[in-house]
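Input: a single structure, listed below in structure tokens.
The values are calculated or read from the model by the stated rules, or taken from the named source; none is laboratory data. No experiment lies behind these values; they were computed from the predicted model shown. Every residue, glycine as well, gets a Cβ built from its backbone with ideal geometry; the counts of neighbours run over all protein chains shown. All accessible areas refer to the heavy atoms of the entire protein, side chains included, with ligands and DNA or RNA removed. Shrake-Rupley method; radii C 1.70, N 1.55, O 1.52, S 1.80 Å.
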Amino acid sequence: MDLTNLNKNQKKAVEKIGLPVLVFAGAGSGKTRVLTYKIAYLINEIGLPPENILAVTFTNKAAQEMKSRVFELVNQDISGINIGTFHSISAQILRREIHNLGFSNSFTIYDQQDSRSLVKKVIKNLNLDLKQIEPKSFQTRISNAKNSLLSVEHFKNFSDNYSDKKFYEIYKSYQEELKNCDSLDFDDLLLLPLKLFKEFPDRLQKYRNKFQYVLVDEYQDTNKPQFEFIYSLANEHKNIFVVGDDDQSIYGWRGADISNILNFREAFGESHIEKLEQNYRSTNNILQAAWSVVSKNTNRSEKKLWTENGSGDLINLLESFDDRHEAKQIYNLVLKFKNNLNEIAILYRTNSQSRIIEDRLRIENIPYQIIGGVKFYDRKEIKDVLAYIRLLVNNNDSISFERIINFPPRGIGKSSLEKINEFYLTTSNSYLDLLNSINEINLGQKQKVSLNDFLGLIKKYKSEIDFKKGSEIVKSMIQDLQLENYYLKQKTDESIDRWNNIQEFLAGIEEFEINNPESNLVEYLEEISLLTDIDRWNDSENRVTLMTVHSSKGLEFDNIVIAGLEDGLFPIIRSFEDDNIEEERRLFYVALTRAKKSVNISYAKSRRQFGGSPIITTKSRFIKEIPEKIINYNLVHKKTNHPTDNYRKINKFSNPRNSSNEIVVNSLVEHKVFGKGKVLKIEGIGDNSKLTIKFYNNVVKKLIYKYANLTIIKG
């Protein structure tokens, strides 16, 4: 096999056989190339059958790219190869095996919205106050528990206070409801294979024999269940190859455990470690800026990217008066790329930052696309149609039933639904069973007719699943429901858009069937339930891309704008001593290394939050961690001081307790934003001391000395 396209370190990683292999692959260092060449090497040179290879990653987009690249490198049929996301591979296993755990093989997968609806239903069923017990926060707690491999029983004896006691009750009831609905949430997709392997060792052995070599992409992002899944399959034969970058571990908030990659050798024993440090994407100035920040972290494997791409442009710094001014300055930058808008991306720390940038681009008629807004399959009209399909394939799906029983409106209100559910829970095995008992339900005659028509519709199309194409069934059902008339008679732009979205949805089913001729509606539902925003992203259109930094991981653009670089926003931590600063640094490293040619970093001196009045902000410490020599300050607004002027003024007073011009209580000082003020209190010593200062108009602020950039007026 020709490996001349690989550099020395890549080649060593690909050819290494007989030991577990960990590849530290820095940003832009050819991670996907190494993975795909490794798979091809196993097939071409080692002779491993494709069906005995398992490769897992985190997005469908990455999995599809991996498949297509392997296809180009291998001269044999690889249709049996197992390449997919953790969730899709787990779902495939469960479709074959979940009956062992008491579910049907046509189980429904609940997305986050469905899961939250079920939590809300559980809270109501327990007669708890929705104002006191917020479904979103309890859904998050349940997800965090699952990602930490903590079962319901773990919390049984941890219920000393009211909140913990209610959490146990809600978690327990939530799991019972999932089982009753014959449904799984996303977290269960990862947990139930582990339960299967533990309770049925023969099933574990079956998949160990099947997956004789295991490869993992983005290993730094694995959480506890994902690690256990990989460990269960590979710890016996130790034929495992993982690729990742601890400097890009940015999902700790959703359970990713950076120790999985840093402690790889402890988990799998004697291993081969390879570092890929040559970057093929970015310029040297971009890499230098990224390393200067991330190298401040202590919990990392030492490495430093280098490139042959040359120094490139300096890092451009934009300073704005406020967030509106920032949006205008970003628009001015975008104008430079008007003919190649797909070459620029605007990144931000939180989704809420996008609105004001969007407004400016919309006013100026600049086309853009947002990654991370309302997902296509989360739109109401699409969720409604999906609920019909899900009820066809799973007649126990109560969340779908409740969503569509009165859509389109058929006169079944809240009280009627409660009566239906009460009867269903005590008498029936599925909602279709109600067809035989409608007259026994305490409903008005009109409601009985509506319920009968609705269930008759579901039964009619359910009977066609085994011999008709899914797209034909859904088209006919939409016609029966008269959805076109329902939306178009409203004669609003929104309703027309909703109908157009449904037509696009139908086209999507047809496309899926073309690509998967033997597929059915169960497989289609599984496919779309595991899609992410990135899977629908189109980089060929001439549009600016807006997204959070988290969404940008794995992508690259010629030019990047990073907005909102202010302490408290990026990094998002709320105090200067927060332990989470290392993950925030890694996130900034990811943002910088998306760029091939230029990086523009932007901050505003004040910003509106949650629709309130502007709040004075402080320039992000990350800007200060980049060497001044590689920053271009020329874009900083001319009416403001050079960003380093105040730094130079105060540098000689770097220790307020140990200088001839020390700051003490009652010192008069000047701040470039707040103006003149008087020091009321000093807590701590040295650069990290906290100053309480009363400024003009009796505004009192607490500032950390080393970030305050104060000028002493009078000692």
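Here are a few things to note about the model shown:
- Hey, residue 168 open to solvent by 20 Å² or more (accessible area, probe 1.4 Å), of a type in the set (Phe, Trp, Tyr) and part of a helix (DSSP H, G or I) or not: yes
- Set 510, 527, 541: member being among the charged types (D, E, K, R), modelled with pLDDT under 85, in a helix (DSSP H, G or I) and open to solvent by 30 Å² or more (accessible area, probe 1.4 Å): 527
- Taken over region 139-162, the criterion of being touching a residue at least 12 places away in the same chain (Cβ under 8 Å) and of a type in the set (S, T, N, Q) is satisfied by 139, 143, 144, 147, 148.
- Close pairs from region 545-561: first open to solvent by 10 Å² or more (accessible area, probe 1.4 Å), partner of a type in the set (A, V, I, L, M, F, W, C) and assigned to a helix (DSSP H, G or I), Cβ under 7 Å, at least 6 apart: 551/534; 553/590; 554/62
- In the set 490, 447, only one residue is in contact with a Ser or Thr (Cβ under 8 Å, 6 or more places away or on another chain) and either open to solvent by 20 Å² or more (accessible area, probe 1.4 Å) or closer than 19 Å to residue 396 by Cβ (or both); that residue is 447.
- Just one of the listed residues (569, 546) is closer than 26 Å to residue 605 by Cα, at pLDDT 90 or above and either assigned to a loop (DSSP other than H, G, I, E, B) or among the hydroxyl-bearing types (Ser, Thr, Tyr) (or both), namely 569.
- Matching residues, region 84-97, being open to solvent by less than 10 Å² (accessible area, probe 1.4 Å) and either touching a Cys at 6+ places or on another chain (Cβ under 8 Å) or free of Cβ contacts under 8 Å to residues at least 40 places away in the same chain (or both): 84, 89
- Exactly one residue among 191, 184 is in contact with a Ser or Thr (Cβ under 9 Å, 6 or more places away or on another chain), crowded, with 19+ Cβ neighbours inside 10 Å and outside any strand (DSSP E or B), and that residue is 191.
- Checklist (1) touching a Leu at 6+ places or on another chain (Cβ under 7 Å); (2) open to solvent by less than 90 Å² (accessible area, probe 1.4 Å) applied to residue 459, failing item: (2)
- Selection within region 361-411 - of a type in the set (A, V, I, L, M, F, W, C), at pLDDT 90 or above and more than 23 Å from residue 506 (Cα to Cα): 361, 366
- Residues located in region 467-485, provided they are in contact (Cβ under 8 Å) with a residue 12 or more places away in the chain and either surrounded by fewer than 17 Cβ atoms within 10 Å (Cβ to Cβ) or not in a helix (DSSP H, G or I) (or both): 469, 475, 476, 480, 482, 484
- In region 201-233, the residues that are open to solvent by 60 Å² or more (accessible area, probe 1.4 Å) and of a type in the set (Phe, Trp, Tyr): 231
- Looking across region 674-683 at every residue that is surrounded by fewer than 13 Cβ atoms within 10 Å (Cβ to Cβ) and of a type outside the set (Asp, Glu), the one that is farthest from residue 321 (Cα to Cα) is identified as 681.
- Considering the conditions (1) assigned to a strand (DSSP E or B); (2) under 27 Å from residue 106 (Cβ atoms); (3) not charged (D, E, K, R), residue 197 is excluded by exactly one of them, (1).
- Some residue of region 19-42 being among the polar types (S, T, N, Q), more than 23 Å from residue 301 (Cβ to Cβ), open to solvent by 10 Å² or more (accessible area, probe 1.4 Å) and out of contact with any Gly (no Cβ under 8 Å at 6 or more places or on another chain): no
- Looking at 476, 529, 463, 495, just one residue is small (Gly, Ala, Ser) and within 30 Å of residue 186 (Cβ to Cβ), and that residue is 529.
- Any hit, region 55-63, residues being in contact (Cβ under 8 Å) with a residue 24 or more places away in the chain, over 25 Å from the mean Cα position of the chain (by Cα) and open to solvent by less than 10 Å² (accessible area, probe 1.4 Å): no
- Some residue of region 300-307 being touching a residue at least 12 places away in the same chain (Cβ under 8 Å), under 26 Å from residue 621 (Cα atoms) and open to solvent by 40 Å² or more (accessible area, probe 1.4 Å): yes
- Evaluating residue 69 against the criteria (1) under 20 Å from residue 186 (Cβ atoms); (2) open to solvent by 50 Å² or more (accessible area, probe 1.4 Å) leaves one unmet condition, (1).
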